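Novice: To start, I am sharing the structure in question, which I have written as C-alpha cells.
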Amino acid sequence: MTSSEILLPSTRRALLHRVATAQSEGRAPSLVAAVQRDGQVAWTGARSCVDGHEPDGDTQFRIGSLTKTFTAVLVMRLRDEGLLDLGDPLEKHLQDTGAGQVTVYQLLGHSAGLGAETPAPWWERTPGTTRPELADVLGDRPLITPSGHRHHYSNPGYTLLGSLIERLRGDSWAEVLRREILEPLGMDRTSPQATAPHAGGWAVHPWADVMLPEPAEDLGLMASAGQLWSTTTDLLRFAAFLGQGDDRVLCASSVAEMRAPAAPPEAGDWAGTYGLGLQAVRCGERTLLGHGGSLPGFLATLWFSVEDDVAAVVLSNATSGPLTGTVAAELLLIVADAEPRIPEPWRPLPEVDEELLALTGPWYWGTQVHALKLLADRGLELQPLRGAGRAARFRARPDGTWTGLNGYYAGETLRVVRAEDGTVDHLDLGSFVFTRQPYDRSAAIPGGVDEGGWRGLAT
C-alpha cells in the first residue's frame, strides 16, 4: 500500500487544503508537510511560490529548537548508562560555568532559572565564533530567576547540556548525535550543516510581497540548542521513536519519562507544559507532544499523539508568517478525527496467577469502593467505582509488592498484608488500608471498628 492509499480521498483533500492555505495566507516562499499514522508515512504535501519547485520529503530545512529534543535524548542516554543522575548539579560534571548549582533535570525542563537568550548580539544571526566560551553564552548574570521554581525557556541552558554531553563522551556534540541517534534511526538527511537539496532561508516583508535572504550561521557552542537541518521524512522517523522508544537509542520507559511534565506552567498557561526536551499541548481531549523551532529564515514544528499513533511535521523557509505549530496540530487532528485509530482485538492474558486473580474485584478504603483489576506482566489497576477518586496503575516488583505509576499514588507502594493463617487481611497502599468489606471487623483497620457495628437511626 502506497502512502496515497493509506488515507481516504476526503482526508487527503482536507490536508492539502490546510497546507495550501497556510502557505498562501502565511506568505511563505515554500512549505512542506507530512503525516504519519501507525508507523507509516500516510500523506505528504507541499506548496511553493515557484511553480514546479515544491520541496519534498528529502528537502532539508533548518529546524531550530527542535534540535533541543535530540540533545535531551543524548542526556537521557547518559543517565540510563549511569554516567549521571538527573538530580546531579551541573558542577559535578562540568565546572566553572557560573551556573553549577542548577541540576541536569532543571536544564532539561527549562526550570534552572537561566536567561532565555545569550548576551547581545543576537545569537541566531551572528557566527558562533562570537561566543567561543561558555562565559560568552551565559554572560555576567546567568541566573535571572530562582532555580526550580518556574518554567523559563532557556537557549543557553541547552548549550550547557551540549557541553555536558561533550565532556562525558569525550567527543563533539555533532559526532555523538550522529553515532547515537541519527545512524541507528536511519536519519541520514539530518545534519548540523545543510546538504543539498535544501531550502534557502527568507524574510518576507510584512507590508509588501518582497523577500530578503537570511544568513545561515554556524552557531558554534549554541549548536545543541538549534543548529540542525532535517527533512519531513527524517522527522517522522524521530516522531515514531519518541512515541514508542527504540532500544538502540532509548528505551520506551525513558522516552515516556521525557514526555511527563517537568515544571509547572506559567499562570494562565494551562493548555501547555514542558517535559524533558519535549513540549506538550492540549487540543480538546488530546495531548500533543513534540517541539517547535525557528531560526531566521525558517520555521518548523513536529507534533505527535501517542494515543492516536499519528504524527505531523510542517517545515517552512520563512522567518515569520505561517503558523507551523497550529498547522501541524491541525493536520494531525484532521487525520485522527476523520479516520480514528481502529483498536486492536481484545485478547486474554497469556497466563494467569491464581493468587493474583483472587485479589481482583471490589476493595473498600473506609466506605469508598474501588475495583482492582489484573493487567499484563502481573500489573494491577485500581479504579474508584463511584464518583471521583484516586485511580492508578501499578507495576509489579520482584519482592511481591507493586509501585504506583501515575496519579496520587505515583511511586507509592502497594502490598498485600496477610493474617497469621496466610489469608489476605488487607491491602496497604501508602498506609491506606483497603479491605473486602467497608470497615471489615476481621481486618487490621487503623483505629479499630466500633464494637456495636453498623446501625440504623435510633427511634
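Novice: Suppose R0 equals 56 Å. What FRET efficiency, 1/(1 + (r/R0)^6) with r the Cβ-Cβ distance, do Glu351 and Arg167 give to the nearest 0.05?
Specialist: According to the calculation, E is roughly 0.75.
Novice: Are there any chymotrypsin sites (Phe, Trp or Tyr not before Pro) in the range 176-238 that are in a DSSP loop and have at most 11 other Cβ atoms within 10 Å? List them by number.
Specialist: In loop regions of the range 176-238 (DSSP not H, G, I, E or B), the sparsely surrounded chymotrypsin sites (Phe, Trp or Tyr not before Pro) are Trp207.
Novice: Take each of the peptides 413-423, 142-152, 321-331, average the number of other beta-carbon atoms within 10 Å over its residues, and list them starting from the highest. Intermediate values should be presented prior to the final figure.
Specialist: Values: 413-423: 12.1, 142-152: 15.3, 321-331: 22.5.
Per-residue mean Cβ counts within 10 Å order the peptides as 321-331, 142-152, 413-423.
Novice: Cβ neighbours within 10 Å, averaged per peptide: list 121-128, 257-264 in order, most packed at the top.
Specialist: 257-264, 121-128
Novice: Now a separate question. Would you tally the net charge around Gly284, using a Cβ to Cβ cut-off of less than 15 Å, leaving Gly284 out, and scoring K and R as +1, D and E as -1?
Specialist: -3
Novice: Okay, next question. Place +1 on the Cβ of every Lys and Arg and -1 on the Cβ of every Asp and Glu in the chain, take the dipole about the Cα centre, and give the residue among Gln193, Tyr409, Gln95 whose Cα lies farthest towards its positive end.
Specialist: Farthest towards the positive pole: Tyr409.
Novice: Rounded, prolate or oblate, given the Cα gyration tensor of the range 81-238, with a/c below 1.5 counting as rounded?
Specialist: oblate
Novice: Remind me, what semi-axes does the range 278-353 give for its equivalent ellipsoid, largest first in whole Å, using sqrt of 5 times each Cα gyration tensor eigenvalue?
Specialist: 33, 13, 9
Novice: Based on Cβ point charges of +1 for Lys and Arg and -1 for Asp and Glu, what charge dipole magnitude is obtained for the range 354-434 about its Cα centre, in debye rounded to the nearest 20?
Specialist: Using Cβ point charges on Lys, Arg, Asp and Glu, the range 354-434 gives about 400 debye.
Novice: Helix 155-169 versus the longest principal axis of the chain: what angle, 0 to 90°, nearest 10, using Cα atoms?
Specialist: Roughly 80 degrees, rounded to the nearest 10.
Novice: Per-residue counts of other Cβ atoms within 10 Å, averaged by peptide: what ranking do you get for 295-306, 12-23, 98-109, highest first?
Specialist: Taking the mean over residues of other Cβ atoms within 10 Å, the ranking is 295-306, 98-109, 12-23.
Novice: Among Arg347, Arg178, rank each residue by its count of other Cβ atoms within 10 Å, from fewest to most, as a rough exposure measure.
Specialist: By the 10 Å Cβ count, ascending, the order reads Arg347, Arg178.
Novice: With axes computed from alpha carbons, what is the tilt in degrees of helix 232-244 against the longest principal axis of the chain, rounded to the nearest 10 within 0 to 90?
Specialist: 10
Novice: For the residue pair Asp421 and Glu25, what label-to-label distance in nm results when each label sits 7 Å from Cα along the Cα-to-beta-carbon direction?
Specialist: Each label point is offset 7 Å from its Cα along the Cβ direction, giving 7.2 nm.
Novice: A further question on this structure: Can you tell me the dipole magnitude for the range 3-338 around its Cα centre, using point charges on the Cβ only (Lys, Arg +1; Asp, Glu -1), in Debye to the nearest 20?
Specialist: Roughly 320 debye for the range 3-338.
Novice: Using θ = phi - 60° and the Karplus curve 6.51 cos²θ - 1.76 cosθ + 1.60, what whole-Hz ³J(HN,Hα) does each residue of the range 444-450 get, with Gly and Pro shown as x?
Specialist: 7, 8, x, x, x, 10, 3
Novice: First measure r as the distance between the Cβ atoms of Arg282 and Glu344, then evaluate 1/(1 + (r/R0)^6) with R0 = 30 Å and state the FRET efficiency to the nearest 0.05.
Specialist: So the FRET efficiency works out to roughly 0.70.
Novice: Something else: Taking the Cα centre of the range 316-367 as origin and charging only Cβ (+1 Lys, Arg; -1 Asp, Glu), how large is the dipole, in debye to the nearest 20?
Specialist: Numbers: 2 positive and 8 negative charges, 66 e Å.
Here the size comes out at about 320 debye.
Novice: Still on this structure, I have one more. Kindly provide the helix-only [θ] at 222 nm of the chain, computed as the sum of -39,500 (n - 2.57) over DSSP H runs of four or more divided by all residues, to the nearest 500 deg cm²/dmol?
Specialist: Result for the chain, helices only: -7000 deg cm²/dmol.
Novice: Let me know the shape class of the chain, please: from the alpha-carbon gyration tensor, a ≥ b ≥ c as square roots of the eigenvalues, rounded when a/c is under 1.5, otherwise prolate if a/b is greater than b/c, or oblate.
Specialist: Cα axes put the chain in the prolate bin.
Novice: Run the numbers on the range 354-434 and let me know its relative contact order in percent, using alpha-carbon pairs under 8 Å that are six or more apart.
Specialist: 18
Novice: Which whole-number percent is the relative contact order of the range 3-338 (Cα, under 8 Å, 6+ apart)? Intermediate results must be reported in sequence, preceding the final value.
Specialist: On the way: 758 pairs, mean separation 85.3, N = 336.
With pairs under 8 Å counted, the relative contact order is 25 percent.
Novice: Assuming 0.36 nm per residue, please report the length gained on full extension of the stretch Gln193 to Ala135 beyond their Cα-Cα distance.
Specialist: 18.4 nm
Novice: When the Debye formula is applied to the Cα atoms of the range 354-434, each taken as the same point scatterer, what base-10 log of I(q)/I(0) results at q = 0.13, 0.18, 0.24 Å⁻¹?
Specialist: The Cα Debye sum returns log10 ratios of -0.36, -0.71, -1.32.
We did not get these values from a lab; they are worked out from the coordinates using the rules stated. This is a predicted model, so every value here is computed, not measured. Note that each Cβ is placed from the backbone with ideal geometry, even for glycine, and that neighbours are counted across all protein chains shown.
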